[in-house]
1. Residues that are in contact (Cβ under 8 Å) with a residue 60 or more places away in the chain: find the strands (runs of 3 or more DSSP E) completely inside the range 373-470 holding 2 or more of those.
2. I'd like to verify a number: residues in the range 297-316 that are within 23 Å of the chain's Cα centre (by Cα), of a type in the set (S, T, N, Q) and surrounded by fewer than 20 Cβ atoms within 10 Å (Cβ to Cβ), how many?
3. Only one of these conditions is not met by Leu294: (1) in contact (Cβ under 8 Å) with a residue 40 or more places away in the chain; (2) open to solvent by less than 40 Å² (accessible area, probe 1.4 Å). Which number is it?
4. Condition test on Tyr509, is it of a type outside the set (Asp, Glu), farther than 18 Å from Trp376 by Cα and open to solvent by less than 60 Å² (accessible area, probe 1.4 Å)?
5. Being loosely packed, with under 15 Cβ neighbours inside 10 Å, farther than 22 Å from Thr326 by Cα and of a type in the set (Gly, Ala, Ser) narrows it down to one of Gly411, Gly459, so name that one.
6. Just the residues that are surrounded by 12 or more Cβ atoms within 10 Å (Cβ to Cβ) and not in a loop (DSSP other than H, G, I, E, B), please, taken from the range 217-240.
7. Would you please name the residue that is nearest to Lys532 (Cα to Cα), looking only at residues in the range 471-497 that are touching a residue at least 60 places away in the same chain (Cβ under 8 Å) and open to solvent by 80 Å² or more (accessible area, probe 1.4 Å)?
8. Of the residues in the range 127-144, how many are modelled with pLDDT of 85 or more and within 20 Å of Ile107 (Cα to Cα)?
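The values are calculated or read from the model by the stated rules, or taken from the named source; none is laboratory data. Since the model is a prediction, treat every value here as computed from it, not as a measurement. A quick note on method: Cβ atoms are made from the backbone with ideal geometry, for glycine too, and the neighbour counts reach across all protein chains shown. Quick note on the areas: whole protein, heavy atoms, side chains included, nothing else; ligands and nucleic acids left out. Shrake-Rupley method; radii C 1.70, N 1.55, O 1.52, S 1.80 Å.
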Amino acid sequence: MIMGKWTGLLLILVAFSIVGCEDGKVSFKKKKFSQRDVSITPQNAFTDLFLDSMQLEQFITEKKIDSATSQHMRSFYNSRNYQFAWFNQNGLNEPGISFWNLLNSFILMSKDSSLFDKALASRMGQFTDGDTVHNAGKKSLAQTELGLTNQFFIYARVAYAGRIDPEELKWFIPRKKVNALALLDSLVKHKGGALEQWEPLNPQYQALKKELIRFNEMADKGGWPTIPELSGKKTLKPGAKDSIILAVKLRLLASGDIQQADSSIVYDSMLLASIKPVQRRYGFHEDGLIDNALIEALNVPVKQRIEQILINMERMRWFPEKPGATRIVANIPEFKIHVFENDQEVFDMDIVVGKEGNSTVIFNDELKYIVFSPYWNVPPSIVKNEIMPAMERNPNYLASQNMEITNNSGGIPTIRQKPGPKNSLGRVKFLFPNKHAIYFHDTPAKSLFKREKRALSHGCMRLADAEKMANYLLRDKPEWTPEKIKSAMHSSEEKWVTLDNHIPVYVSYSTAWVDQQGHLNFREDIYGHDRKMAEQMFVKPSLPQAEGEAITSN
């Protein structure tokens, strides 16, 4: 009896007993492998091809299969009395063809050579070319069958859980749980349809994957030309004439940012219409000026951009497939937060993040409290390294900064700054209590938001318009009118407000993403996280080492 279309794969998946993913690892029922089901015989099996149990044991020994996978394989084949899963008497069955094509597509897209088994690929060649099992030796056929099963488990771990544990990079986010059985069952129902119909990853992953395909196509065409550097502090504005203008046009033509490039060296209105979206893509002010910073971003090779996309796709494996409909997402390299309600972006806001050495931590939590006219309890490290030296230089320093000593321990005073216009937290702070002591807050240093790069704080995130955030969070509390909020922000007394509904906060780190308008964005790797991931993901990564900014906090 020939196995019915897709039925075999469903049986395979059920037999695998995949139940989910804990801490980012595909997991299986923690039980001893199942007893051999001797009720399955050549007369009632889906195929007349059967393994010998010793063949499985020899395969496990020869391939040095880890104990967990070995147990899964034994359980799987016991549950089907060692009948083949991927082959019938005519050759590769539908599940076998589907999985092999899926595996190879994943390897090509992700450029993950660790999933490529040269010996298995060689044996698979004869079957994908239409050969039948009758022309293959029994040992070779068994090795191919077992190799595919082993490869399935490897693929499941890598494709859905990812290759890198975020905790290795000190990213304090819970790894998503994946129900691999349900996802692959969905693949069966869609009969091998497009991956985005069933892939267990969030929409941002899918959007980046489409861009990855586009960038791979550009790489196949040779990438894009390099733009010469401008001399000194020279900038090109609309109306300028310069040979570099032609180089810019050719570069934008290669990346599809303009549809047709002329041979003119004039910075015309057509080019301006393309330059502003390009500036937005790289996080520059949309002033239309072509300077060396923009040229440097445009000159990053397509291969490096592909690696950057792949790194950020890997990060997307760590995040929920469907995050909370109402949420706040802070993206550190973008220097922005995004507020979502019912999965639609309500507004975004510029932020200041931690500087090099005081990096803002990546983690998830829930916003629970608003504190108006807050005290700032100065961290001991700042007291020791900054305030105490200032006190030695100026005995009136504390009074000038509206600060006071509340205690003294081990020679280091406990200092807090009272509410007021000089308070470093500004007029309000927003707490999502966490062990990292990270939160959102206002700031009196509004001039910092004029900068494109804002890695300037001691780790917390400063908001450009904290009053707007307070009004949004209290929009469902009629008693908290805009006038009352403003008054509370300018009080001399601290006031705490507990939110009725806690709001998920995701502090993230994306250097490549697709925005709500469908536009691809790139940002600099300000903390070097991309570089660290590239060292693990690629044999010879092309990403440069990140350069930390020597910026002091205001």
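1. The qualifying strands (runs of 3 or more DSSP E) are 428-431, 455-457, 461-463.
2. Our first condition is that a residue be within 23 Å of the chain's Cα centre (by Cα); within the range 297-316, this holds for 297-298, 300-316.
Remaining after also requiring of a type in the set (S, T, N, Q): 304, 308, 312.
If we keep only those that are surrounded by fewer than 20 Cβ atoms within 10 Å (Cβ to Cβ) as well, we get 304.
Adding up the residues that qualify gives 1.
3. Of the numbered conditions (1) in contact (Cβ under 8 Å) with a residue 40 or more places away in the chain; (2) open to solvent by less than 40 Å² (accessible area, probe 1.4 Å), the odd one out for Leu294 is (1).
4. Details: of a type outside the set (Asp, Glu): yes; farther than 18 Å from Trp376 by Cα: yes; open to solvent by less than 60 Å² (accessible area, probe 1.4 Å): yes.
Criteria met by Tyr509.
5. Only one candidate passes the filter, namely Gly411.
6. Met218, Ala219, Leu236
7. Among residues in the range 471-497 that are touching a residue at least 60 places away in the same chain (Cβ under 8 Å) and open to solvent by 80 Å² or more (accessible area, probe 1.4 Å), the one nearest to Lys532 (Cα to Cα) is Trp496.
8. Residues of the range 127-144 that are modelled with pLDDT of 85 or more, as a first pass: 141-144.
Now restrict to residues that are within 20 Å of Ile107 (Cα to Cα): 144.
Final tally of qualifying residues: 1.
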